[in-house]
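Q: Can you read through this structure? Questions will come right after.
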């Protein structure tokens, strides 16, 4: 930690709390996100226990009332998407990687960056505070449909509901500020010589995700203001009795909500692309194809939202239209998967921990993607809607994205972030301990969903069709697997903390990668580069026939193979 | 705390100054916020022709006057930018304050409108039209107010000859606030 001495001695507060350094802000986002994930993980443990063993006193929580159950489910979803997936995948990796990978010393607006984190922290505190107000946190599901969300007489949380809306609104503002910073930095602060197609895919993905977020969240922010007025002042935006319309919220929410899926998917896909190229020692297949597929996905993601509302009373002709667009959007995503597999084809693959996570991402996300086609068909959705089939489907997308994507990224960039190597053996134990239980949680939920189990019920005791021994066994398998998966996360935490202090010292470039972050010391000092690099070629020149070593750093002077091939 | 502007801020890979680029992205995000609100309003409005009778109780003369005031203040901010470009900090400072004054007059007229409407019983709870009216004009007024505060801060810098490029950035923002009003005025006041 010698960087503190270069300018002046910084106090602990200056250096870690009110820092404007993009790396510290990235860590702040990451650790806040992980802390929130622990809360989200605890919530799911409590309500899964209630579902598997209805009415028991859950150890560590106690009896789960219906009000508490609703609140737990709602806030589990809210936290995992808005306070874990987004801060960790976009904000933490984006902040850490963007300046390092483009050869800059920081973001273009470091103080706006700091403000972004502070607003984010405030939003997290508001959300946590909402659990402790009378009647507890909001329980109207993370989608917050009115009238359930708008009227206290229905949701029974007169304080929790508005606090939830305020927390989500603040979080959006934080990500808008961060997103503007990300986009501007990538557009304007690249190292000399780094052209559009020399940018590492992960940065493209994070920035395209930021643009998608920015373009989709506005209507929901407006909608959130309207919802807040409905809750607090008593306006009737969503109340048909006053001339409003509850469906309006659903449109505003899902106009954001569906692009949001891609907002978190793209950074994870980007992380996986980096890892695959490095551990396959091959040039990433179809760089431009990946990029154009992502553009297509981004544009299409704005015209699929109503597939969440097939049974909400929308016009059937509109449902047809949205079925078609929904099925079309799986084409560019499938394209991405094929291109990634083509990178692996014929490669000499090293099965290191990051690579295992990257491969698991592909395999598991595929299941999530394919089951999405069922739900995108408006006819089938009439049956599947609001069953556990939907729950299993989106967990097969979001768990690979948020959890597997995060572990892929952290195991790959850990040496750069903390200057030490993670323990490979325990990394692999943690990998299998997470992946195997994960499938045992959600495959039973597919079966339960197909059997007709509805999502929003806190116990099936009073539903004889659903409270059979067979179905209850499936619920118990899912819950026990969940506890196993949660328990294996301890392995990761211990491994991380131990490696952080006692791990093998990391070299500058332990994976022999090409991108610019691997040209600076691990961990990078304040200001990153002693001498700003110049970029000569794309990021994925591995195993080039003209070279003795199998990698070709972007900043090494010499010819650009992309040019000589023309 | 000593804050050093990083090298990244002074780079310009696109050839567009970073501050201008960032403001355009801010506007992109603002467009969808106002766009979402106005789209919701428009769709309702097309369904409920009765809202025309409610709109008849707005004051188009005050609104028209405010349109004129805002457009004039936009001219002032252009003149402030022009002065900043040639380094005439005094003139730039003066024009920035004319712009702020324009925003102030706008807010006063708006306050008068709100007061008389509320006195006549057209509160936010009267109907969804009025809910939209207060939400949209309120959100716009909030943007006017923010612009005024930021301009006040920038004016202090300009006086000392610092950060002259920020005059352009706030100018772009101010034009946007103006354009939003150009949409709000006919939609809420004139369309009957």
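The values are calculated or read from the model by the stated rules, or taken from the named source; none is laboratory data. Being a predicted model, the structure only gives us computed values, none of them experimental. We place every Cβ from the backbone using ideal geometry, glycine too, and count neighbours over all the protein chains shown.
Q: In the range B:1-42, how many are within 8 Å of chain A (Cβ to nearest Cβ), within 26 Å of the chain's Cα centre (by Cα) and assigned to a helix (DSSP H, G or I)?
A: 17
Q: For residue B:58, indicate whether it is away from chain A (no Cβ under 14 Å) and either assigned to a loop (DSSP other than H, G, I, E, B) or in contact with a strand residue (DSSP E or B) (Cβ under 8 Å, 6 or more places away or on another chain) (or both). Walk me through it before giving the result.
A: Values: away from chain A (no Cβ under 14 Å): yes; either assigned to a loop (DSSP other than H, G, I, E, B) or in contact with a strand residue (DSSP E or B) (Cβ under 8 Å, 6 or more places away or on another chain) (or both): yes.
Yes: the conditions hold for residue B:58.
For (1) buried (at least 24 other Cβ atoms within 10 Å of the Cβ); (2) outside any helix (DSSP H, G or I); (3) over 14 Å from the mean Cα position of the chain (by Cα); (4) away from chain B (no Cβ under 11 Å), each residue gets a yes or a no:
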{"residue": "A:211", "(1), (2), (3), (4)": "no, no, yes, no"}
{"residue": "A:218", "(1), (2), (3), (4)": "yes, no, yes, no"}
{"residue": "A:228", "(1), (2), (3), (4)": "no, no, yes, no"}
{"residue": "A:237", "(1), (2), (3), (4)": "yes, yes, yes, no"}
{"residue": "A:267", "(1), (2), (3), (4)": "yes, no, no, yes"}
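Q: Further question: Do the conditions hold for residue A:183, that is, is it within 11 Å of chain B (Cβ to nearest Cβ) and part of a helix (DSSP H, G or I)?
A: Numbers: within 11 Å of chain B (Cβ to nearest Cβ): yes; part of a helix (DSSP H, G or I): yes.
Yes, satisfied.
Listed here are the residues, each with its yes/no results for (1) assigned by TED's automatic domain parsing to the domain that holds residue A:400; (2) over 26 Å from residue A:142 (Cα atoms); (3) free of Cβ contacts under 8 Å to residues at least 60 places away in the same chain; (4) in contact with a helix residue (DSSP H, G or I) (Cβ under 8 Å, 6 or more places away or on another chain).
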position: A:54; (1), (2), (3), (4): no, no, no, no
position: A:79; (1), (2), (3), (4): no, no, yes, yes
position: A:86; (1), (2), (3), (4): no, no, no, yes
position: A:97; (1), (2), (3), (4): no, yes, no, yes
position: A:100; (1), (2), (3), (4): no, yes, no, yes
position: A:106; (1), (2), (3), (4): no, yes, no, yes
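Q: Residue by residue through the range A:90-128, note down the ones that are part of a helix (DSSP H, G or I), over 18 Å from residue B:22 (Cα atoms) and either touching a strand residue (DSSP E or B) at 6+ places or on another chain (Cβ under 7 Å) or within 13 Å of chain B (Cβ to nearest Cβ) (or both).
A: If the condition is that a residue be part of a helix (DSSP H, G or I), over 18 Å from residue B:22 (Cα atoms) and either touching a strand residue (DSSP E or B) at 6+ places or on another chain (Cβ under 7 Å) or within 13 Å of chain B (Cβ to nearest Cβ) (or both), then A:100, A:101 are the ones that fit.
Q: How many residues does the range B:159-176 contain that are modelled with pLDDT of 95 or more and farther than 15 Å from residue B:26 by Cβ?
A: 1
Q: Next question. If residue A:173 satisfies all but one of (1) more than 18 Å from residue A:24 (Cα to Cα); (2) more than 16 Å from the chain's Cα centre (by Cα); (3) away from every other protein chain (no Cβ under 14 Å); (4) touching a residue at least 40 places away in the same chain (Cβ under 8 Å), what's the number of the condition it fails?
A: With respect to (1) more than 18 Å from residue A:24 (Cα to Cα); (2) more than 16 Å from the chain's Cα centre (by Cα); (3) away from every other protein chain (no Cβ under 14 Å); (4) touching a residue at least 40 places away in the same chain (Cβ under 8 Å), residue A:173 is out only on (3).
Q: (1) at pLDDT below 95; (2) more than 10 Å from chain A (Cβ to nearest Cβ): which one isn't true of residue B:64, the others all being true?
A: (1)
Q: If you don't mind, another one. Of everything in the range A:507-536, what is within 14 Å of another protein chain (Cβ to nearest Cβ) and in a helix (DSSP H, G or I)? Give them in sequence order. I'd like the intermediate steps shown before the answer.
A: Keep residues of the range A:507-536 that are within 14 Å of another protein chain (Cβ to nearest Cβ), which gives A:516, A:524-535.
Once the filter is applied, which keeps residues that are within 14 Å of another protein chain (Cβ to nearest Cβ) and in a helix (DSSP H, G or I), the range A:507-536 yields only A:516.
Q: Give the residues of the range B:105-127 that are under 22 Å from residue A:244 (Cα atoms) and assigned to a loop (DSSP other than H, G, I, E, B), sorted by residue number.
A: Our first condition is that a residue be under 22 Å from residue A:244 (Cα atoms); within the range B:105-127, this holds for B:117-118, B:121-127.
Of everything in the range B:105-127, those that are under 22 Å from residue A:244 (Cα atoms) and assigned to a loop (DSSP other than H, G, I, E, B) turn out to be B:121, B:122, B:123, B:124, B:125, B:126, B:127.
Q: Surrounded by fewer than 20 Cβ atoms within 10 Å (Cβ to Cβ) and either within 14 Å of chain B (Cβ to nearest Cβ) or without any contact (Cβ under 8 Å) to a residue 12 or more places away in the chain (or both) - does that describe any residue in the range A:275-282? If you could, list the steps in order and put the result at the bottom.
A: Of all residues in the range A:275-282, those surrounded by fewer than 20 Cβ atoms within 10 Å (Cβ to Cβ) come to A:281.
Checking the rest, the ones that are also either within 14 Å of chain B (Cβ to nearest Cβ) or without any contact (Cβ under 8 Å) to a residue 12 or more places away in the chain (or both) come to none.
No, the range A:275-282 contains no residue that is surrounded by fewer than 20 Cβ atoms within 10 Å (Cβ to Cβ) and either within 14 Å of chain B (Cβ to nearest Cβ) or without any contact (Cβ under 8 Å) to a residue 12 or more places away in the chain (or both).
Q: Of everything in the range A:399-434, what is out of contact with any strand residue (DSSP E or B) (no Cβ under 9 Å at 6 or more places or on another chain), surrounded by fewer than 19 Cβ atoms within 10 Å (Cβ to Cβ) and either touching a residue at least 60 places away in the same chain (Cβ under 8 Å) or within 21 Å of residue A:36 (Cα to Cα) (or both)? Give them in sequence order.
A: Those that are out of contact with any strand residue (DSSP E or B) (no Cβ under 9 Å at 6 or more places or on another chain), surrounded by fewer than 19 Cβ atoms within 10 Å (Cβ to Cβ) and either touching a residue at least 60 places away in the same chain (Cβ under 8 Å) or within 21 Å of residue A:36 (Cα to Cα) (or both): A:424, A:426, A:428, A:429.
Q: Might you let me know whether the range A:487-504 holds any residue that is out of contact with any strand residue (DSSP E or B) (no Cβ under 6 Å at 6 or more places or on another chain) and either outside the structural domain of residue A:434 (by TED's automatic domain parsing) or assigned to a loop (DSSP other than H, G, I, E, B) (or both)?
A: yes
Q: Take residue B:71 and tell me if it is within 11 Å of chain A (Cβ to nearest Cβ), more than 30 Å from residue A:534 (Cα to Cα) and either touching a residue at least 24 places away in the same chain (Cβ under 8 Å) or not in a loop (DSSP other than H, G, I, E, B) (or both).
A: Details: within 11 Å of chain A (Cβ to nearest Cβ): no; more than 30 Å from residue A:534 (Cα to Cα): yes; either touching a residue at least 24 places away in the same chain (Cβ under 8 Å) or not in a loop (DSSP other than H, G, I, E, B) (or both): yes.
The answer is no for residue B:71.
Q: Which ones in the range A:242-261 are in a helix (DSSP H, G or I), at the interface with chain B (Cβ under 8 Å from one of its Cβ atoms) and within 16 Å of residue A:315 (Cβ to Cβ)? First the steps, then the outcome.
A: First, the residues of the range A:242-261 that are in a helix (DSSP H, G or I): A:242, A:246-261.
Among the residues that remain, those that are also at the interface with chain B (Cβ under 8 Å from one of its Cβ atoms) are: A:242, A:248, A:252, A:255.
Once the filter is applied, which keeps residues that are in a helix (DSSP H, G or I), at the interface with chain B (Cβ under 8 Å from one of its Cβ atoms) and within 16 Å of residue A:315 (Cβ to Cβ), the range A:242-261 yields only A:248.
Q: Criterion first (without any contact (Cβ under 8 Å) to a residue 60 or more places away in the chain and surrounded by 15 or more Cβ atoms within 10 Å (Cβ to Cβ)) does residue A:368 satisfy it?
A: On the way: without any contact (Cβ under 8 Å) to a residue 60 or more places away in the chain: yes; surrounded by 15 or more Cβ atoms within 10 Å (Cβ to Cβ): yes.
Judged against the criteria, residue A:368 is a match.
Q: Report yes if some residue within the range B:77-85 is over 23 Å from residue B:111 (Cα atoms), surrounded by 16 or more Cβ atoms within 10 Å (Cβ to Cβ), within 14 Å of chain A (Cβ to nearest Cβ) and within 22 Å of the chain's Cα centre (by Cα); otherwise report no.
A: The answer is no; no qualifying residue exists.
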